[in-house]
Every structure is written in C-alpha cells, then in structure tokens.
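Engineer: I have a structure here, written as structure tokens, and I will follow up with some questions on it.
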Amino acid sequence: MISNEQLLMQIDKHLKNARNNGNEQSVRESLVAIKALCDVGLEVQIPSQAPITRGVQTTSAILPTQPVALKEEDANGDSLFDF
C-alpha cells in the first residue's frame, strides 16, 4: 500500500518541476502527474471511510412502476415507433 507521505513527496517533486521548468509541455505533464497522484491517494482512502451519499434519495413510492403514456389525438399507439 502506498502511504500518504510517499504520495505527497511525489506530488512535491512534480510541483517543483512544474515551477522550475519554463516549458509549457513539461508543466502540463507535471500537472497531469499531480492529478493522477491525487486520484490514487483518494482511491486508497475511500474504502476505509463511510460511503459517501450524494443527491436525492428516491423511493418506489415516488417513482411510478409503470411508464406514463402520453395520449395524443394523432398517435397510433403506445410505442415510440408507432407513428
């Protein structure tokens, strides 16, 4: 397992490289490496934490079990392909 200290050392190395190098391509490569290291650090820590819930919780009482069909005068049937 990769420790946070190792990740931070690598991030620091790439940050110094990005600051000291005037070449835009090299700076972008360092930033991509930093992003990847951050993603690795976050992935390692997520399983040990409580699950993160986002958004609105839905229940079956809110969502209809059958699709709602629109009734139009010139429609041939319930299918999307009936025209």
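The values are calculated or read from the model by the stated rules, or taken from the named source; none is laboratory data. In this text the structure is predicted, and so the values were computed from the model without any measurement. Ideal geometry is used to build each Cβ from the backbone, glycine not excepted, and the neighbour counts take in all protein chains shown. Side chains are part of the model used for accessible areas, which takes the heavy atoms of the whole protein and leaves out ligands, DNA and RNA. Shrake-Rupley method; radii C 1.70, N 1.55, O 1.52, S 1.80 Å.
Engineer: Keeping to the stretch 5-21, report how many residues are in a helix (DSSP H, G or I), polar (S, T, N, Q) and loosely packed, with under 14 Cβ neighbours inside 10 Å.
Structural biologist: Number of matching residues: 2.
Engineer: Among Val32, Val27, Val40, Val44, which is the only one that is assigned to a helix (DSSP H, G or I), open to solvent by 70 Å² or more (accessible area, probe 1.4 Å), modelled with pLDDT of 60 or more and β-branched (Val, Ile, Thr)?
Structural biologist: The match here is Val32.
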